1. Within segment 212-234, can you find the residues that are in a helix (DSSP H, G or I) and without any contact (Cβ under 8 Å) to a residue 24 or more places away in the chain?
2. Checking residue 216 against (1) over 16 Å from the mean Cα position of the chain (by Cα); (2) surrounded by fewer than 13 Cβ atoms within 10 Å (Cβ to Cβ); (3) closer than 24 Å to residue 87 by Cα: exactly one of these is not met. Which one?
3. Just a yes or no: is a residue in segment 146-157 outside any loop (DSSP other than H, G, I, E, B) and free of Cβ contacts under 8 Å to residues at least 24 places away in the same chain?
4. Out of all the residues in segment 219-257, which are farther than 30 Å from residue 154 by Cβ, buried (at least 16 other Cβ atoms within 10 Å of the Cβ) and touching a helix residue (DSSP H, G or I) at 6+ places or on another chain (Cβ under 8 Å)?
């Protein structure tokens, strides 16, 4: 059982024996600590969901591209830019989300709760499938859709083609809009909730979009890109916005109906609830003491307020 002590009013001997010390002697700090702890946990989960989606798509596209057309539709330097978006910019964006009161309405996580939940795995698989279908449609019939030259069998020293530039641009746009979907990992529908409260987040989105536009229009041989027309850009952005629409479809699928095997990184034993029915007399006594401590803390908090 953990012991709690006030840091200012408590003695040194009591501090050494306690497990938790309130440095400001304010019991509301416990609530703030819980909020920030859950917020950090959620930030890690958001980043994992986003990163795994990008990794799955990139690996599958590179492998199937190498088998089908003997070349990857996404060049090495383009993948470096995607990794920069995924590892650096996305980490900054998703890790700077501030805690909200909604975090306190959820039940605490048990020790057996997997880091990648069924909802997260549903999002990873769903968004990966959407992006893979779009990319392979663009790779194999994109030249017919946009009435452009076929870039599948271009030689090594051939100038960059509009065909594969559209593939690259559509992939980045879908990744960029999926970064907005990654803000919510508990089946929330409004992925824009609280977005205006995080200027770092939308500044990173705008910066990434501008960087992508410069790479596509002026990257040339260095980034293996050819300048796209306004119509082609609109199509790429439309496919990116489709990620938000597809995200609403995925959210409509109940996570509870999915198999429990769709989880990852679970270990330890589950912590029993405070008021869970005990198994023997010793546990009954322990639960009664714990319940009494909770009532004492609540009463003391009311007296302070």
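Read the figures in this text as sums done on the coordinates, not as results from a lab. Everything numeric here is computed off the predicted structure, so don't read it as measured data. Please note: Cβ atoms are built from the backbone with ideal geometry, for glycine as well, and neighbour counts cover all protein chains shown.
1. Listed by number, the residues that qualify are 213, 214, 217, 218, 230, 231, 234.
2. Condition (2) is where residue 216 drops out.
3. no
4. Scanning segment 219-257 gives 246, 247, 250, 255.
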